[in-house]
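K.L.:
One structure coming up, written as structure tokens, with questions to follow.
Each value in this text was obtained by applying a stated rule to the coordinates, not by laboratory testing. Source: prediction; values computed, not measured. FYI the Cβ positions are ideal-geometry reconstructions off the backbone, even for glycines, and counts take in every protein chain you see.
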Amino acid sequence: MLAPVVLLLVSNATAQGTPLPRNTVIPPATWDAAITEGKQKSQVMAILDHLCNRIGPRLTSSDNLQNACEWSREWLKDLGYDNARLDRWGEFPVGFNRGPWSGEVLAPIKKALVCNTPAWSAGTHGRQEGPLVLAPTSEEDAKERATELQGAWLLMKQRPRRSLSGRARRITKACQEAGALGYVYSGRKTRNGMKKGIVHENLLLTGGNYRIRWNKLPAFPRVQVRWDQFQELVAMLEKRQEVRLAFDIRNWFKKGPIPLYNVVADLVGSEKPNEFVVVSGHIDSWDGAAGTTDNGTGTATTLEAARILKAIGARPKRTIRFMLWSGEEQGLMGSRSWVQKNRKDVKVNCQAALVHDGGTNYAGGIVGTKAQLPLLLRAFAGFHTIDSSLPFQVTEGRQPSYGSDHTSFISIGAPGFYWKQEGNAQYRYTHHTQYDTFDAAVPAYQAQTAL
């Protein structure tokens with residue numbers, strides 16, 4: 001990745017005037033070698049394939065996340081980053097691993113259901129088959145209908161909140177005591193796309209609440225069904241048809257505490273090793289699909305950037321710190337912890353923190369404040385020539401305030417940057433949904449961002 005190199009070279013320098021059409025900061029030999037390596041020998045898709053298809057989704061506290069962190073550390077060590085390490089930032093009281101899941105309508109027709117469950121929620125302990133009936137609306141209703149609820153799936157016409165209220169917990173307890181099998185509720189009907197006029201339909205968004213205790217684990221399944229199929233189930237019940245469903249959902253809890261880590265590796269600077277630029281993405285994901293565009297893509301470009309710079313023998317004056325955060329999906333937990341733990345060092349020595357967390361669209365620009373703009377214009381001069389079909393632009397403005405790991409740096413006054421990403425990929429179609437699979441990644445965009 002050329003970006004951290006130029007930022008390190010121009011840091012604390014005075015940059016004035018209009019940027020040149022070519023980059024005068026990076027030595028021409030380094031520029032040419034990096035472009036050649038990145039374009040002709042790219043491994044970014046192979047990295048992403050291993051991460052998402054061989055390891056799989058990487059929920060914070062899951063075995064997959066730990067495997068991904070360890071694999072990334074060893075991969076970096078094999079490149080020659082002898083200092084690659086896992087940096088512990090915290091722990092969760094209970095771990096969660098998701099196995100295979102399936103659902104189907106057995107009557108009055110036979111049909112497979114597209115479904116999932118929240119993370120850190122109960123599975124079915126094997127295949128559970130039963131009639132579908134309307135969920136009770138009160139604790140009294142549940143008790144009065146106890147015979148009907150026994151061995152039945154309960155259709156909820158309103159989507160449940162992530163954390164159940166006291167009233168909802170009491171209703172659920174009564175349903176459990178009656179022997180009901182679990183709730184069935186609807187996925188999202190629509191979701192607006194990133195661009196005006198684009199609307200995505202029938203999405204299953206995955207979330208979940210990690211704040212659970214081993215001595216009080218969730219025990220009542222909550223199954224989300226694709227919106228259009230859920231409407232079919234509602235229509236069948238309204239026609240008073242006898243509906244039978246079967247679900248087989250293998251969710252497993254793991255007794256904690258579960259230690260949690262960031263992955264760190266340094267390309268040590270030759271002249272000012274204490275000063276550094278962070279190049280990063282978050283390695284954790286939700287687990288409703290493969291975790292590709294959020295954020296396998298950012299993890300892969302970070303690792304590929306580390307590979308390119310090692311391959312060409314780059315020797316930056318200041319350190320480039322490659323970081324893969326975890327716990328991002330639960331509130332930037334890994335980056336916040338690291339920044340706070342190293343607060344003084346970050347405020348004094350961090351020249352920039354670059355975060356790739358906007359999916360597979362390519363890094364088409366960077367936004368800076370008025371004070372930062374001269375430096376950025378000089379630093380990124382010539383980047384638009386790397387691939388003329390994928391332009392790059394430096395613009396004045398504020399960093400996006402929505403949650404990603406750059407805000408952990410901004411919160412203490414350090415320069416955090418979130419790439420301005422461009423392209424045709426539909427990020428909100430895949431973001432946290434059942435469609436966040438490997439085929440959603442665009443190879444040309446991935447290779448460009450890694451540079």
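K.L.:
Rounded to the nearest 0.05, what FRET efficiency is calculated for Arg167 and Arg250 with R0 set to 41 Å and r the Cβ-Cβ distance?
P.N.:
It comes to 0.85.
K.L.:
When His432, His125, His282, His200 are ordered from fewest to most other Cβ atoms inside 10 Å of their Cβ, what list results?
P.N.:
Ranking His432, His125, His282, His200 by Cβ neighbours within 10 Å, fewest first, gives His125, His200, His432, His282.
K.L.:
Hey, with R₀ at 56 Å, roughly what FRET efficiency would Glu144 and Arg85 work out to, going by the Cβ-Cβ distance, to 0.05?
P.N.:
0.40
K.L.:
Report the label-to-label distance for Ser389 and Lys272 in nanometres (one decimal), using points 7 Å from each Cα along the Cα→Cβ vector.
P.N.:
Inter-label distance under the simple model: 3.9 nm.
K.L.:
Continuing with this model, one more query. Hey, which of these cross-link pairs are over 25 Å Cα-Cα: Lys111/Lys239; Lys77/Lys255; Lys110/Lys173; Lys196/Lys420?
P.N.:
Lys77/Lys255; Lys110/Lys173
K.L.:
Write down the percent of antiparallel bridges among all DSSP beta bridges whose residues are both part of the chain, to the nearest 5.
P.N.:
That works out to approximately 55 percent antiparallel.
K.L.:
What is the calculated FRET efficiency for Glu396 to Lys347, with r their C-beta to C-beta distance and R₀ = 22 Å, to the nearest 0.05?
P.N.:
0.40
K.L.:
Using a/c under 1.5 as the rounded threshold, could you call segment 90-243 rounded, prolate or oblate? The axes a ≥ b ≥ c are square roots of the C-alpha gyration tensor eigenvalues, and prolate needs a/b larger than b/c, oblate otherwise.
P.N.:
oblate
K.L.:
Which whole-Hz couplings ³J(HN,Hα) result when phi for each residue of segment 427-441 is put into the Karplus expression 6.51 cos²θ - 1.76 cosθ + 1.60, θ = phi - 60°, listed in order with x for Gly and Pro?
P.N.:
In residue order, the calculated couplings are 4, 6, 7, 9, 4, 6, 10, 5, 9, 7, 10, 4, 5, 6, 6 Hz.
K.L.:
Continuing with this model, one more query. Note the full-extension length gain between Leu217 and Asn424 as 0.36 nm times their separation in residues minus their Cα-Cα distance, in nm to one decimal.
P.N.:
Residue separation times 0.36 nm, minus the Cα-Cα distance, leaves 70.3 nm.
K.L.:
Going by the alpha-carbon gyration tensor, a ≥ b ≥ c the square roots of its eigenvalues, is segment 383-451 rounded (a/c under 1.5) or, if a/c is not under 1.5, prolate (a/b greater than b/c) versus oblate?
P.N.:
oblate
K.L.:
Pull up the DSSP beta bridges for segment 97-253 and report the antiparallel fraction as a percent, rounded to 5.
P.N.:
Looking only at bridges with both residues in segment 97-253, the antiparallel portion is about 70 percent.
K.L.:
In whole Å, what are the Cα extents of segment 67-116 along the three principal axes, biggest one first?
P.N.:
61, 29, 11
K.L.:
Based solely on its DSSP helices, what 222 nm [θ] is calculated for the chain when runs of n ≥ 4 H residues each add -39,500 (n - 2.57) and the sum is averaged over all residues, nearest 500 deg cm²/dmol?
P.N.:
Value at 222 nm, helices only, nearest 500: -8500 deg cm²/dmol.
K.L.:
Another question about this same structure. Apply the a/c threshold of 1.5 to the C-alpha gyration tensor of the chain and tell me whether it is rounded, prolate or oblate.
P.N.:
Cα axes put the chain in the prolate bin.
K.L.:
Taking the Cβ of each residue in Tyr418, Tyr427 as the centre, tally the other Cβ atoms inside 10 Å and list the residues starting with the fewest.
P.N.:
Ordered from fewest to most neighbouring Cβ atoms within 10 Å, Tyr418, Tyr427 come out as Tyr427, Tyr418.
K.L.:
Which of Lys39/Lys272; Lys41/Lys195; Lys310/Lys370; Lys254/Lys341; Lys317/Lys347; Lys317/Lys344 have a Cα-Cα distance over 24 Å?
P.N.:
The pairs that break the limit, which is 24 Å between Cα atoms, are Lys39/Lys272; Lys41/Lys195; Lys310/Lys370; Lys254/Lys341.
K.L.:
Which of the peptides 378-387, 248-257 is most tightly packed, and how do the rest follow, going by the mean number of other Cβ atoms within 10 Å of each residue?
P.N.:
My ranking of the peptides, most packed first, is 378-387, 248-257.
K.L.:
Also: Quick one: order Leu390, Leu51, Leu205 by neighbouring beta-carbon count within 10 Å, fewest to most.
P.N.:
Fewest-to-most ranking of Leu390, Leu51, Leu205: Leu205, Leu390, Leu51.
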